[in-house]
1. Counting only the heavy atoms of the protein chains, how much of A:K95 is accessible to a 1.4 Å probe, in Å² to the nearest 10?
2. Given a 1.4 Å probe and every protein chain left where it sits, what share in percent of the accessible area of segment B:63-198 is carbon and sulfur?
3. Which distance in nm do the two modelled labels at A:L67 and A:V186 give, with both placed 7 Å along the Cα-to-Cβ direction?
4. Could you give the longest part of chain A that holds none of the GluC sites (Glu not before Pro) found in DSSP loops with at most 12 neighbouring Cβ atoms within 10 Å?
5. Please report the accessible area of B:M20 (heavy atoms, 1.4 Å probe, ligands and nucleic acids excluded) in Å², nearest 10.
6. Hey, if you put +1 on the Cβ of every Lys and Arg and -1 on every Asp and Glu Cβ in the protein assembly as shown, which of A:M19, A:F90, A:I61 ends up farthest toward the positive end of that dipole?
7. Heavy-atom accessible surface, probe 1.4 Å, ligands and DNA/RNA ignored: which residues of segment A:170-198 lose at least 30 Å² versus the isolated chain?
8. How big, in percent, is the set of alpha carbon pairs in segment A:130-183 lying more than 13 Å apart?
Number of protein chains: 2
Amino acid sequence: MTISAGTVKELRDRTGIGMMECKKALEESNGDIEKAITILRKKGHARAKDKMERQAKEGAIGSYIHLNGKIGVLVEVNCESDFVARNEEFQELVKNICLHIAAADPQYICSEDVPQEILDEEMEIIREQFKDSGKPAEIVEKIVQGKLSKFYQEACLLDQPYIKEDKMAVNELVTAFIAKFKENVVIRRFARYELGES
Amino acid sequence: MTISAGTVKELRDRTGIGMMECKKALEESNGDIEKAITILRKKGHARAKDKMERQAKEGAIGSYIHLNGKIGVLVEVNCESDFVARNEEFQELVKNICLHIAAADPQYICSEDVPQEILDEEMEIIREQFKDSGKPAEIVEKIVQGKLSKFYQEACLLDQPYIKEDKMAVNELVTAFIAKFKENVVIRRFARYELGES
């Protein structure tokens, strides 16, 4: 079977392994890239696994250490081009998101990231508070929805009021940047460590 | 029932909620702190949950950004006293661990952190390589164990050769510090982001 140069290149890009090795693996797998990766791994190319999971995305990783090492934040913000990634305003956006996370302690990026069991727990706690209120069920349900959106504003980064300008949600801060630079911007992931928390 | 001032203080420390509220909740729970926390939460003190999970530990959070934002590291290193945490050599240890993680890309802190399914997968890949070698099973098993410890040296931070001095494992770097300062030091957690990886 003939393997196209393009297929060999794709496997090479994904695994970082030499052309000849990639070609041999593809011949063995009849041109199937996923199978070829498994073959390469079984031949001892442990690295194949790492690289294949990467994909090209631009942006920057930012960090911020607060209070002499008591709180630390790491964040990845993606954009579409290296040109925008290197722009000073983008760098500043990343820095401001770090500062915000350090201060506001979000648990999730957006409301879709909140696990169902946490939502259920929150709703049960809210309903419990109105159990003996004598209000009709549909009113209680409206209150629950209102409290839930307040929960999102406390727990979700994009819904939180931006610490430097609290009339604006973090989401709006990002959207303003997108509107200005005509390029999509996504806060992809973050970690926030507080010394000694469990 | 009389609630001791110590119990009230403990609940206050764990929840960050005012003395009187804590006392009332404890009276309601007959002095049971866990039940009192649930009572406080049901009364709408959402914050009770966060603080109660914290415990006092000293040390520092460190970070390092490499290649103009292409790689970022966040690490928490714990020690026993604030005195040691503020020591320059401890700060340098934290910094060096960050640099090491950026360069060596560990997946876990120690071998005990490797999930069983990852271990099984690795072992299967190693055994597959020696399937047709004609070697006796017990020799293959010895080779598997040897390759597995090599896997740990690649994947586990504490087993990795220290990038600045590769005859020493990261574990030994930490142990040398412990011996000098007579205080336990633990690398508690880390995050390493590489731009665009999935």
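The values are calculated or read from the model by the stated rules, or taken from the named source; none is laboratory data. Fair warning: this is a prediction, and the values are worked out from it, not measured in the lab. Positions of Cβ are backbone-derived with ideal geometry, glycine not excepted, and every protein chain shown enters the neighbour counts. Note: areas computed on protein heavy atoms with side chains; ligands, DNA, RNA excluded. Shrake-Rupley method; radii C 1.70, N 1.55, O 1.52, S 1.80 Å.
1. Per-residue accessible area (A:K95): approximately 130 Å².
2. On the way: 3750 of 7430 Å².
With neighbouring chains kept in place, the figure for segment B:63-198 is 51 percent.
3. Label at A:L67, label at A:V186, 3.3 nm between them.
4. Numbers: sites that count: A:E53, A:E165.
Result, exposed sites excluded: A:54-164.
5. About 130 Å², ignoring ligands and nucleic acids.
6. It is A:F90.
7. Flagged in segment A:170-198: A:R188, A:R189, A:Y193, A:E194, A:L195, A:G196, A:E197, A:S198.
8. Numbers: 960 of 1431 pairs.
That fraction is 67 percent.
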